[in-house]
Amino acid sequence: MRVFGLSPAHIMIALGLDPSLTGFGWCIHDSLASGTARVMAKGRWSTSPKDIWVARYVELREAVKALIDRYVLIEAVGVESPPFGEQFSEGLYALFVMVNEAVWSRRRDVVHFDPGTVKMLTKQDPRQRKGKMFKSDMIEAAKHDTSVARWNADEADAYHIARFAARFWLLLRGEISIDDLTPSEYRAFAREHTFVRGKRAGQTVHSGAIFKEDQRYFRFSSLP
């Protein structure tokens, strides 16, 4: 049976953020550790609907900055991006922009995962695990991966975002290879497909995030 994971040489401290005005989950993940030590810290922020909207955004932006300042070993960040299409929310997108401004101000590299991708990554292999991932499933997956017994749904989502942000940046660094990826990671990070028939024969489509610099991931650390 193939086992997916990191060798001891591969380390990444990553921050996962699941933005929300009422239940903003965050988690710091240590890729080198095992068990409960994988979770360096976690938590959940909320703002009061009684406060003026702009103050709520600023409060959460400053909380992200303070967290990165406190945990200076954070190398990279994963942020859940808001859904688009029929589920698009102007308010959530505004918060997403503020969160990224905080990450940019601290010059940490960032990768964005939409909600569906986070759930797919947590499955590891959608061919083996069928069906939807509900909040309870995300919590159970976080418990299984860390041995930490107590999670709320926002923290669990943030944990998975941090966990796979670390994997993504380790892949970009060349510290893990495509062969080390789970099926879900390959699909999200590195998938490419070459058509062999029809009008598009010979055309290669790169859908993985590694091909989408300045779209799905940003090297803020390299900016002046």
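Within the range 42-72, if we keep just the residues that are aliphatic (A, V, I, L, M) and free of Cβ contacts under 8 Å to residues at least 12 places away in the same chain, the residue that is farthest from Ala94 (Cα to Cα) turns out to be Val72.
Scan the range 170-184 for residues that are in a loop (DSSP other than H, G, I, E, B) and within 18 Å of the chain's Cα centre (by Cα) and the total you get is 3. One residue stands out in the range 142-164 among those that are aliphatic (A, V, I, L, M) and under 15 Å from Met40 (Cα atoms): the one that is farthest from the chain's Cα centre (by Cα), namely Ala149.
Taking (1) touching a strand residue (DSSP E or B) at 6+ places or on another chain (Cβ under 7 Å); (2) more than 17 Å from Phe211 (Cβ to Cβ); (3) of a type outside the set (Phe, Trp, Tyr) in turn, Glu192 satisfies each apart from (2). When the range 1-60 is limited to residues that are assigned to a loop (DSSP other than H, G, I, E, B) and of a type in the set (Val, Ile, Thr), the one that is modelled with the lowest pLDDT turns out to be Val3. Selection over the range 124-150 of residues that are without any contact (Cβ under 8 Å) to a residue 24 or more places away in the chain and either surrounded by 15 or more Cβ atoms within 10 Å (Cβ to Cβ) or not in a loop (DSSP other than H, G, I, E, B) (or both) gives a count of 11. A search for C-beta distances below 6 Å between a residue of the range 208-224 that is free of Cβ contacts under 8 Å to residues at least 40 places away in the same chain and within 12 Å of Phe168 (Cβ to Cβ) and any residue that is among the basic types (Lys, Arg) and surrounded by 13 or more Cβ atoms within 10 Å (Cβ to Cβ), counting only pairs 6+ apart in sequence or on different chains, returns Gly208/Arg191. Residues that are in contact (Cβ under 8 Å) with a residue 24 or more places away in the chain and surrounded by fewer than 22 Cβ atoms within 10 Å (Cβ to Cβ) within the range 9-23 comprise Ala9, His10, Ile13, Ser20, Leu21, Thr22, Gly23, listed in sequence order.
Leu95 falls short on exactly one of the conditions (1) touching a Pro at 6+ places or on another chain (Cβ under 9 Å); (2) outside any loop (DSSP other than H, G, I, E, B); (3) of a type outside the set (Val, Ile, Thr); (4) over 26 Å from Pro49 (Cβ atoms), and that condition is (4). Filtering the range 39-71 to residues that are closer than 20 Å to Phe218 by Cβ and among the β-branched types (Val, Ile, Thr) leaves Val64, Ile68.
The single condition among (1) farther than 23 Å from Asp69 by Cα; (2) within 14 Å of the chain's Cα centre (by Cα) that Asp125 does not satisfy is (2).
With the structure loaded, tell me whether Leu121 is in contact (Cβ under 8 Å) with a residue 40 or more places away in the chain, in contact with a Leu (Cβ under 7 Å, 6 or more places away or on another chain), part of a helix (DSSP H, G or I) and of a type outside the set (Ser, Thr, Tyr) or whether it fails that test. Against the criterion (in contact (Cβ under 8 Å) with a residue 40 or more places away in the chain, in contact with a Leu (Cβ under 7 Å, 6 or more places away or on another chain), part of a helix (DSSP H, G or I) and of a type outside the set (Ser, Thr, Tyr)), Leu121 does not qualify.
Among residues of the range 87-116 that are on the phi > 0 side of the Ramachandran plot, those with a Cβ under 6 angstrom from a residue that is part of a helix (DSSP H, G or I), sequence gap 6+ or separate chain, pair up as Arg107/Phe220; Arg107/Ser221.
The values are calculated or read from the model by the stated rules, or taken from the named source; none is laboratory data. Please read all numbers here as calculations on a predicted model, not as lab measurements. With ideal geometry, Cβ positions are generated from the backbone for all residues, glycine too; neighbour counts draw on all protein chains shown.
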